[in-house]
1. Given [x] 0.94; [y] 1.22; [z] 1.32, which label gives Cα Rg over 2.2 N^0.38 Å as computed from the coordinates?
2. Amide H of LEU486 versus every other amide H placed in the peptide plane: which residues, excluding those fewer than 5 positions away on the same chain, fall under 5 Å?
3. Taking the Cα centroid of the stretch 436-452 and of the stretch 290-311, what is the distance between the two, rounded to the nearest whole Å?
4. Rounded to a whole number, what % of the accessible area of the chain do carbon and sulfur atoms account for, probe 1.4 Å?
5. Can you figure out the FRET efficiency of ILE235 with MET361, using R₀ = 35 Å and their beta-carbon distance, to the nearest 0.05?
6. Quote to one decimal, in nm, the extra length available between VAL259 and SER443 on full extension: 0.36 nm per residue of separation minus the C-alpha distance between them.
7. Determine the dipole magnitude for the stretch 26-427: charges of +1 sit on the beta-carbon of Lys and Arg, -1 on that of Asp and Glu, nothing else is charged, the reference point is the Cα centre, and the result goes in debye to the nearest 20.
8. Please list, or write none, the lysines whose alpha carbon is within less than 18 Å of the alpha carbon of LYS705, excluding same-chain residues fewer than 8 places away.
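The values are calculated or read from the model by the stated rules, or taken from the named source; none is laboratory data. Please read all numbers here as calculations on a predicted model, not as lab measurements. Methodologically, a virtual Cβ is constructed for each residue, glycine included, from the backbone with ideal geometry; neighbour enumeration extends over all protein chains shown. Just so you know, the surface numbers come from the protein's heavy atoms only, side chains and all, with ligands and any DNA or RNA stripped out. Shrake-Rupley method; radii C 1.70, N 1.55, O 1.52, S 1.80 Å.
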Amino acid sequence: MPPVTTSANITFHPCFLRFDAASVSFSGKMVALIATYVLSRVVHHLLKPFSQPYMTSDLVIGLILASLPRARDSFTSLFSITLENIVDFGMISYAFVLGLEMDPYVVFKSPTRHAMVAYAGTVSTFVAACAITPWLHYLRNSSIITFTLSLSISLSGSGSHILTRLMTYLKVGKSDIGKLSIGAGVHSDMITMFSVVLSFVFFPLQETANFREGIKTSVQIGAALMLQTLLAAKISPVFMNWINQSNPEGKPLKGSHLVLSMAFMTVLCSLAPWMGYNSCLSAFMGGLFLPSEGRISKWTISRINNLLSTLFYPLFFFWVGLRVDISSFAVGNIGTWVRLFCLILIATIGKVGGTLICGLMLGYHRPELVAVGLLLTAKGHFHVYFAVDALRQGKIDVTTCISMVILIFLSVIHTPFVVKHIIERARKRVPVQRMTLRWLDPSSELRILLCLHGTHNLESGISLMEISRGKPAPGLFVHVTDMIELTEKIASTLVPGEGVDNMTITDNSVTEMRDEITRAFQTHINENVDGGIMLSRMLVLSTFNSMPHDISVLAEDLMVSLILLPFHKRVKADGTLDEGHPGFRHVNRKLLRNAPCSIGILVDRGFGFTERLSTSSVSKVAVIFIGGKDDQEALAYAGRVVWHPGVELTVIRFLVDKNSEHAPRRVNNRASVAEQEEEMKLDDECFAEFYEKYVAGGNVAYMEKHLANSSETYTNLMSIEGRYSLIIVGRAGRVNTVLTQGLNDWQQCPELGPVGDVLSGSNSASGTSILIVQLHNIKGQLDGLSDEFSIM
């Protein structure tokens, strides 16, 4: 075609015009896809308070953006075909991983309670759907038997991966109702997927000329699928075991073996599709019978799941929006809404009804069974793909497909609210677990996780163990734990120990340090303690970023009530503190936020009386009580210290002098008057109990100071420094802040709290050590409810 010349003597070539139009079209596509990714993440962040899964935001953004005229017009038929191929490949990968995470052999075992509940809910929903849906005219150009079976199976299924991740995220996966819901969801998902697999064998998608030809096609597809399944069940374990043995844990995966494994999985899942079977279902069957254990399988699951959640799911729902044009939904037709509500009722009543009947026969409680039934109605990505694929094949119309998508959307958004209702009911019925000193059963031994940085903490660590022992019965169980940073040097000395996950340190400096600490503690117990103390040795070897989590997990496993940590600063020769170690400071601060029990931080300025024990001298210890939950916990710890014969304990209570002329007229306090009065009531009750036990009998000295403001508090704190070898204080947790307001304006270490920071100032050389105590912070842990609560 010749160039075009305008009246302004500007010449355009048609090739450039076509290139420019293509560039504009391509840029429009990229803007739409990028906007899908960005907005889905933004909406998910906004929905975080409601604990909605990513599927909710991905679906909403995908449908809305794809329904915009400019976005729809930019996607030509050629690019739409490319997008469909990407989506089909993504769903093949999704189905493969879904099957790989399941265990098909549980079907052949005696059914567990999880399986019974799953089968009951699935069968009841399937029967209800088969009985009702043929009368509602959902189908378009499809056999009524094929369509009814497909729709009934879809309504009967559950999105196990959505349910599992949601229950885990909301920290109820370890509870009995969480285990029941997850187990039943996996069983339901596997059974319905397996039913879809069989239905596609007997009712293939391709049209056949006659009945005999249809039988022949079904036999060919069934034979190919059977061969693929046998290879996956019998041959793949041998091959995968060889790959796993050649690539042990701790060594990099060999590239050739990784490529060979991926090629084997691909060929295995391609056998049935060569005979005309659905590729997505073939991938599910291939993954279902592949070994799920082993390094290669775990690597495949993690990588594909990460790729799907990061890149594929937003793109998938954008494709769904392109396929199901929302503007085509027959909003004005009353029959549309009737059919939609019928679908919702079938899916809900069928699941809840079957779960309720079976659960009551098994002895479960009715309210929890209803909650489990509602959770099992949740659908997943495959159900959306299944509905859109039926539209693509011409089996249903757009309105029916949109109704299915709406049903799936509603089945997902309600699940977080059901889980939160479960937590609320559990909180009312199950006792709250508080790993604290104050709420410790008097007949139970005290378990302490005593953490050390090195041998320089020996003297103070042994002294803390001494004063924490309390009465000889029931005694004290101390887990002395070494906090060692995992460096490249230490990592190079690790060798496999006994057990799968155990490693042994061969670094001489570490082993010698640990042996020295063990000998010192054991020697002290043997020579100076007349029973009542049990000792165990622990090790936390990790980077500073993961050390807080490892210590928390260890504390949970050992069921300790108190973690004792060294301060990150060490005392210098002149008695002042150095700049400290930033890594250990990070560990302390993270543990203060997330520890599963009460926690104490010792600012050591030479605290120790192992030498004094031999000379029969007495150590003076004080506990300061201003008020608040942390001070109450500090007082509970002091209740154990008082039993030590080598300690002379003094309790100092700071009270507000409201009649003083120096009292502040206004206090910047966010707490209400009712909250302040409630705290004062609890403070008085706690202190009165301590007073009656120890002060009234003359075992503890008592001092009372009436102060007007935080300035007087600071003066009195400075005045008592140097008089005691150890001062015990609460970290914070005060509602009434009259006596501490303003102390934190010049804090050097906020993690110690206002009082602890004043007493442990780096410039002080008083020789007084400070123990800062914080009550178990139950925020973020189901408000004190154990993760393994039982309410069924």
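1. [y]
2. SER542, THR543, PHE544
3. Computed from Cα coordinates, the inter-centre distance equals 42 Å.
4. Carbon plus sulfur share of accessible area: 60 percent.
5. 0.25
6. Result for the pair: 60.2 nm of gain on full extension.
7. Around 700 debye, computed over the stretch 26-427.
8. Counting by Cα, and skipping residues close in sequence, LYS705 has these lysines nearby: LYS658.
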